[in-house]
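The values are calculated or read from the model by the stated rules, or taken from the named source; none is laboratory data. Nothing here was measured: the structure is a model prediction, and the numbers come from that model. Using ideal geometry, Cβ is built from the backbone for each residue, glycine included, and neighbour counts are taken over all protein chains shown. With ligands, DNA and RNA removed, areas are computed over all heavy atoms of the protein, side chains included. Shrake-Rupley method; radii C 1.70, N 1.55, O 1.52, S 1.80 Å.
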Amino acid sequence: MKYVILRDDDTNALTPIDYLERLYRPFLDKGLPVNLATIPNVCTEATWAEGKPELFLMAKNGATPKNLPLGSNKKLVEYLRENSGFHVLQHGCRHEFVNKTYEFAQTNRWDISSRLDEGTKYLMDAGFDRPIAFVAPNDQLSKTSLEEVSKRFRVLSTGWYELGRLPISWWPQYALKKTLRTPHWRVGQTILLTHPGCHLSYHKSYATMLDEIKNSIESRRLTVLVTHWWEYFRNNKPDEPFINLLHETADYLARRKDLKVISFDDLAEENISLN
Ligand SMILES: [Zn+2]
């Protein structure tokens, strides 16, 4: 059996419900879990480059406060809770820059710990279970962040791992992963996942997107497919060809009987072998 986890990043208090519904109704109707890496207390002043607001803030207006906890959007929370196919995991805390670097690429242990705990608290205050999985903004984690994340979460989903950024006590397991050439690995209780880049992105060729996804699924036992809801609605306009590709992906995943689409919770709770 092969396994696929669909991870959509950057849901936050300003995410329009209609967009999630448009993208994921076919997945929910087919019983395919959708994992939303959710920003617990989004910084509404977050930028992706000098002065350019993050596109996941597209619904913000002049009156928006600097931070918005997920729970401040009652309708969104209600929608996510009503649809049990959505699984909420923690995506950073505020998704902002700290000392000119990504939120969890910094090395201040106190700040990192406070942000991890603050993020979890905001998700639980909104009525969700304690998240078991963590995704760092821009998949960037310092050594200290890796240590603190592994103390709190059963699953970390990120792009890749580099020896120089790993705690020294993790080196033996990392050496084994390298020797065996396995994409995913474990340290203690924590499952450490990689993903093959964002295939479902408007930066990629639409002509080859589905084939790239199929190839990734063929080449490993467990594939994490990463996407971002806001990429499908740039300038608040639906990118129809791109949305169709996402829905074709849902059809493909549902059709294959030798493949199971799971949540991060399933991975932590069931005894699924990683590689
Ligand atoms: Zn993000």
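Being closer than 17 Å to residue 233 by Cβ and either in contact with a Pro (Cβ under 7 Å, 6 or more places away or on another chain) or without any contact (Cβ under 8 Å) to a residue 24 or more places away in the chain (or both), is that true of even one residue in the range 41-51?
Yes, the range 41-51 contains at least one residue that is closer than 17 Å to residue 233 by Cβ and either in contact with a Pro (Cβ under 7 Å, 6 or more places away or on another chain) or without any contact (Cβ under 8 Å) to a residue 24 or more places away in the chain (or both).
May I ask you to verify whether residue 47 is within 14 Å of the ligand (Cβ to nearest atom) and either buried (at least 21 other Cβ atoms within 10 Å of the Cβ) or at pLDDT below 95 (or both)?
yes
State whether the residues of the range 157-165 include one that is at positive phi and free of Cβ contacts under 8 Å to residues at least 40 places away in the same chain. Write out each step before concluding.
Going residue by residue through the range 157-165, those that are at positive phi are none.
Within the range 157-165 (the criterion being at positive phi and free of Cβ contacts under 8 Å to residues at least 40 places away in the same chain), the answer is no, since none of the residues qualifies.
Go over the candidates 63, 105 one by one and state the one that is without any contact (Cβ under 8 Å) to a residue 60 or more places away in the chain, open to solvent by 80 Å² or more (accessible area, probe 1.4 Å) and either within 16 Å of the ligand (Cβ to nearest atom) or not in a strand (DSSP E or B) (or both).
Values: 105 fails: open to solvent by 80 Å² or more (accessible area, probe 1.4 Å).
Matching residue, one of 63, 105: 63.
Given the range 132-205, what strands (runs of 3 or more DSSP E) lie entirely inside it while holding 3 or more residues that are more than 16 Å from the ligand (Cβ to nearest atom)?
The strands (runs of 3 or more DSSP E) meeting that bar are 185-187, 190-193.
Within the set of pairs 6 or more residues apart or between chains, which connect a residue that is open to solvent by 40 Å² or more (accessible area, probe 1.4 Å) inside the range 122-143 to a residue that is assigned to a helix (DSSP H, G or I) and of a type in the set (S, T, N, Q) with Cβ atoms less than 8 Å apart?
Correct list of pairs: 130/120.
Looking at this structure, is residue 135 closer than 29 Å to residue 34 by Cβ and under 16 Å from the mean Cα position of the chain (by Cα)?
Yes.
Out of the range 29-63, which residues are aliphatic (A, V, I, L, M) and within 17 Å of residue 200 (Cβ to Cβ)?
As a first pass, look at the range 29-63 and keep what is aliphatic (A, V, I, L, M): 32, 34, 36-37, 39, 42, 46, 49, 55, 57-59, 63.
Correct list: 32, 34, 36, 37, 55.
Exactly one condition in (1) modelled with pLDDT of 95 or more; (2) out of contact with any Ser or Thr (no Cβ under 8 Å at 6 or more places or on another chain); (3) surrounded by 16 or more Cβ atoms within 10 Å (Cβ to Cβ) is false for residue 76; which is it?
Unmet for residue 76, out of (1) modelled with pLDDT of 95 or more; (2) out of contact with any Ser or Thr (no Cβ under 8 Å at 6 or more places or on another chain); (3) surrounded by 16 or more Cβ atoms within 10 Å (Cβ to Cβ): (2).
Somewhere in the range 15-28, is a residue open to solvent by less than 30 Å² (accessible area, probe 1.4 Å), within 16 Å of the ligand (Cβ to nearest atom) and outside any helix (DSSP H, G or I)?
There is at least one residue in the range 15-28 that is open to solvent by less than 30 Å² (accessible area, probe 1.4 Å), within 16 Å of the ligand (Cβ to nearest atom) and outside any helix (DSSP H, G or I).
Any residue that is within 18 Å of the chain's Cα centre (by Cα) and more than 16 Å from the ligand (Cβ to nearest atom) - is there at least one of those in the range 86-99?
Yes, the range 86-99 contains at least one residue that is within 18 Å of the chain's Cα centre (by Cα) and more than 16 Å from the ligand (Cβ to nearest atom).
Of the residues that sit in the range 29-44 and are in a loop (DSSP other than H, G, I, E, B) and at pLDDT 95 or above, which one is most open to solvent (accessible area, probe 1.4 Å)?
Restricting to residues being in a loop (DSSP other than H, G, I, E, B) and at pLDDT 95 or above, the top hit is 30.
From the list 251, 265, exactly one residue is among the acidic types (Asp, Glu), in contact (Cβ under 8 Å) with a residue 60 or more places away in the chain and open to solvent by 50 Å² or more (accessible area, probe 1.4 Å). Which is it?
251
Taking the conditions exactly as written (assigned to a helix (DSSP H, G or I) and within 21 Å of residue 262 (Cβ to Cβ)), does residue 213 satisfy them or not?
Criteria met by residue 213.
Is it true that residue 123 is within 16 Å of the ligand (Cβ to nearest atom), within 20 Å of residue 94 (Cβ to Cβ) and in a helix (DSSP H, G or I)? Show your work before the answer.
Values: within 16 Å of the ligand (Cβ to nearest atom): yes; within 20 Å of residue 94 (Cβ to Cβ): yes; in a helix (DSSP H, G or I): yes.
In short, yes.
Criterion first (surrounded by fewer than 17 Cβ atoms within 10 Å (Cβ to Cβ) and more than 12 Å from the chain's Cα centre (by Cα)) does residue 162 satisfy it? Explain how you work it out, then say what you get.
On the way: surrounded by fewer than 17 Cβ atoms within 10 Å (Cβ to Cβ): yes; more than 12 Å from the chain's Cα centre (by Cα): yes.
So residue 162 passes the test.
Are any residues in the range 221-249 acidic (Asp, Glu) and away from the ligand (no atom under 16 Å from the Cβ), and if so, which ones?
239, 240, 248
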